[in-house]
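S.K.: I'd like to ask you about the structure that follows.
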Amino acid sequence: MTRRELAAVLGSVTSIASVRAQEPPASQPEDLNTAAREQLRNNSETLSKFDLPMSTEPAFLFKA
Amino acid sequence: MAAEFTDDIFFASIGELNARLKSKEFSAVELVRAFARRLEQLGPRYNALALPLTDVAIRRATDVDKELKRERYRGPLQGIPFGAKDLLSYAGHPTTWGARPYAAQVFDSSATVIDKLEKTGAVLVGKLAMVELAGGGGYRSAAASVFGPGLNPWDRTRWSGGSSSGSGSAVAAGLVPFAIGSETSGSILTPAAFCGITGLRPTYGLVSRHGAMALSWTMDKLGPMCRSAEDCGLVLAVIAGGDSNDPASAHKSFYYTPQYYRASKDLRIGYAPVDFAERAQPATRPAFEQALAAMRETGAKLIETRLPDLPYGALTSTIISAEGASVFEPLIQSGKVDELADPKQIAGLKAGLEISAHDYLKAMRIRTIVQQKIRRLFEDVDVLLAPSRFGPAPKISEPLDKHANDATPKDLGLSALIPASNLAGLPALSLPCGFADGLPVAIQLVGPAFSENQLLALGKDFQTRTDWHRKRPTVA
């Protein structure tokens, strides 16, 4: 691809982006941040209730 | 005389297109040009097109025609156009990952799957739109993409599904014969189901992810989205295989040979009646009843079963959030994450950086239990069967979590099959099985690791008894 072609493509992509994307929020709504943290806290509590044998290793050496 | 390209060609299977190429009904250049133009013209109608590659594609098709003229055959994908989700790199061309902060990103090399497809003569005609960053932070709006909401070819007021949105709608609308999608937890199965196409999520490690955006190193998979189970098998045979560039590669090959696998009548299929009769939205139940009847007609034995009671949702959320936040730490720390379209995704990615090592390790240890228990489940059944989604595609104007708090039956059945099977790294096949309110609905088959041929054999049998996969939306 030539530099001119690349510039044309990049121009079209970024213009699509600017036209179609929702405008980013001016500031992150605090309630969404709170809700995201709350979700992770709920996950943590759910996982903490699960008793594991000490011998259970994490699924790092992942073999399906 | 120039070939006339009608819907019969745009909705033809890979096998049909290959036969017509070989019989010189049309050339590869003619075929590729027809699909590339259609994708350019109609792709934006569904917000499916990320990047047209018409000129490059026609040059490659010219080379294919030279090979065909010399009767040098490379396999069934030779000369077949395809699309790729825009999370796959294509050397020298933009790869946006569906996200505004990456709109100008260009890589020097192509993803392994694209290299493999091109080596066999398939021709990439365009990159396809996707949910930004494959939705790793969680998203609430169908518009969570730099390309706008993925619109469903069956009803453009409905979502095409995510995160492989463009791959789903482009195949469904006959803009490409097949596409490559990716799944971390539901991103192939969901758009395949909502758009009425056949989607295959391979076993973790079977298909190289080199050159693909990482969201979750331990859960990401790439797979084909096609018109039929047969086409999925043909594409998987090309893209599967070991790759030293992918640390998670299983270094296994795949040969599409469903004829050598067990006949449907010899299979035990596990399902949960509650999924079809109570959890599925009422409008979808007649279609699911027909699908169960068609499965019984194959002679397979349907056995009631349910998933082990484990915290699949919390596990999936913790693992994807932790790994995704680590992958995108530079984006988050730079503040550019605020340029994403979906505020929930922004908040989710930021919060992911706060997950403790303790929680991540706990999740990964419980994941070992998930793998062990699901492996045991497959001692009693050969395949699991459940609705791909419990309802048809939602309206793009509605929050995607609108039904999250709806009352659901106490019996969990196989309702968590998507997160459970993704945690266990198992293959799945989504098959169209009817319509509800004019929108496609689908079933999913899940099998043990590396059982793709068995799933495809059963899927192919199902599709010889039904014609849902042949239905076409009114496109233009």
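The values are calculated or read from the model by the stated rules, or taken from the named source; none is laboratory data. Quick caveat, the model's predicted, so the values are computed rather than measured. Cβ: placed from backbone, ideal geometry, glycine included. Neighbour counts: every protein chain shown. Calculation scope for accessible area: heavy atoms of the full protein, side chains included, ligands and nucleic acids excluded. Shrake-Rupley method; radii C 1.70, N 1.55, O 1.52, S 1.80 Å.
Matching residues to (1) among the small types (Gly, Ala, Ser); (2) closer than 27 Å to A:PRO58 by Cβ:
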{"residue": "B:LEU331", "(1), (2)": "no, yes"}
{"residue": "B:GLY335", "(1), (2)": "yes, no"}
{"residue": "B:GLN345", "(1), (2)": "no, yes"}
{"residue": "B:LYS350", "(1), (2)": "no, yes"}
{"residue": "B:SER356", "(1), (2)": "yes, yes"}
{"residue": "B:TYR360", "(1), (2)": "no, yes"}
{"residue": "B:ARG367", "(1), (2)": "no, yes"}
{"residue": "B:VAL370", "(1), (2)": "no, yes"}
{"residue": "B:LYS373", "(1), (2)": "no, yes"}
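S.K.: Same structure again: For the stretch B:339-372: of the residues being polar (S, T, N, Q) and surrounded by fewer than 22 Cβ atoms within 10 Å (Cβ to Cβ), which is nearest to the other protein chains (Cβ to nearest Cβ)?
M.R.: First pass over the stretch B:339-372, keeping only residues polar (S, T, N, Q): B:345, B:356, B:368, B:371-372.
Filter once more, so that each one left must be surrounded by fewer than 22 Cβ atoms within 10 Å (Cβ to Cβ): B:356, B:368, B:371-372.
Values: B:SER356: 8, B:THR368: 5, B:GLN371: 6, B:GLN372: 9 Å.
Step by step, filter the stretch B:339-372, then rank; the result is B:THR368.
S.K.: Would the stretch B:119-133 turn up any residue that is of a type in the set (Lys, Arg), within 14 Å of chain A (Cβ to nearest Cβ) and in contact with a Lys or Arg (Cβ under 6 Å, 6 or more places away or on another chain)? Full working, then the answer.
M.R.: Quick first cut of the stretch B:119-133, residues of a type in the set (Lys, Arg) only: B:119, B:127.
Those still in the list that are within 14 Å of chain A (Cβ to nearest Cβ) too: B:127.
So of that shortlist, the ones also in contact with a Lys or Arg (Cβ under 6 Å, 6 or more places away or on another chain) come out as none.
No, the stretch B:119-133 contains no residue that is of a type in the set (Lys, Arg), within 14 Å of chain A (Cβ to nearest Cβ) and in contact with a Lys or Arg (Cβ under 6 Å, 6 or more places away or on another chain).
S.K.: While we're here: Would you pick out the residues in the stretch B:291-305 that are in contact with a Gly (Cβ under 6 Å, 6 or more places away or on another chain) and either surrounded by fewer than 17 Cβ atoms within 10 Å (Cβ to Cβ) or among the acidic types (Asp, Glu) (or both)? Don't jump to the end; show me each part of the working.
M.R.: Going through the stretch B:291-305, the residues in contact with a Gly (Cβ under 6 Å, 6 or more places away or on another chain) turn out to be B:303, B:305.
Within the stretch B:291-305, B:ILE303 is the sole residue that qualifies.
S.K.: Moving to a separate point now. For the stretch B:155-210, give me each residue that is surrounded by fewer than 24 Cβ atoms within 10 Å (Cβ to Cβ) and closer than 20 Å to B:PHE11 by Cα.
M.R.: Passing the criteria: B:ASP155, B:ARG156, B:GLY174.
S.K.: So which residues in the stretch B:383-403 are farther than 30 Å from B:GLY148 by Cα and either among the β-branched types (Val, Ile, Thr) or open to solvent by 20 Å² or more (accessible area, probe 1.4 Å) (or both)?
M.R.: Of everything in the stretch B:383-403, just one residue is farther than 30 Å from B:GLY148 by Cα and either among the β-branched types (Val, Ile, Thr) or open to solvent by 20 Å² or more (accessible area, probe 1.4 Å) (or both), namely B:VAL383.
S.K.: Do we have B:GLY241 as at pLDDT 95 or above and either more than 14 Å from chain A (Cβ to nearest Cβ) or more than 29 Å from B:THR316 (Cα to Cα) (or both) here? Full working, then the answer.
M.R.: Numbers: at pLDDT 95 or above: yes; either more than 14 Å from chain A (Cβ to nearest Cβ) or more than 29 Å from B:THR316 (Cα to Cα) (or both): yes.
The answer is yes for B:GLY241.
Residues are listed down the side, and each one gets a yes or a no for (1) free of Cβ contacts under 8 Å to residues at least 24 places away in the same chain; (2) buried (at least 22 other Cβ atoms within 10 Å of the Cβ); (3) out of contact with any Asp or Glu (no Cβ under 8 Å at 6 or more places or on another chain):
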{"site": "B:LEU39", "(1), (2), (3)": "no, yes, yes"}
{"site": "B:LYS69", "(1), (2), (3)": "yes, no, yes"}
{"site": "B:ARG74", "(1), (2), (3)": "no, no, no"}
{"site": "B:ALA84", "(1), (2), (3)": "no, yes, yes"}
{"site": "B:THR95", "(1), (2), (3)": "no, yes, no"}
{"site": "B:PHE107", "(1), (2), (3)": "no, no, yes"}
{"site": "B:LEU124", "(1), (2), (3)": "no, yes, no"}
{"site": "B:LYS127", "(1), (2), (3)": "no, yes, no"}
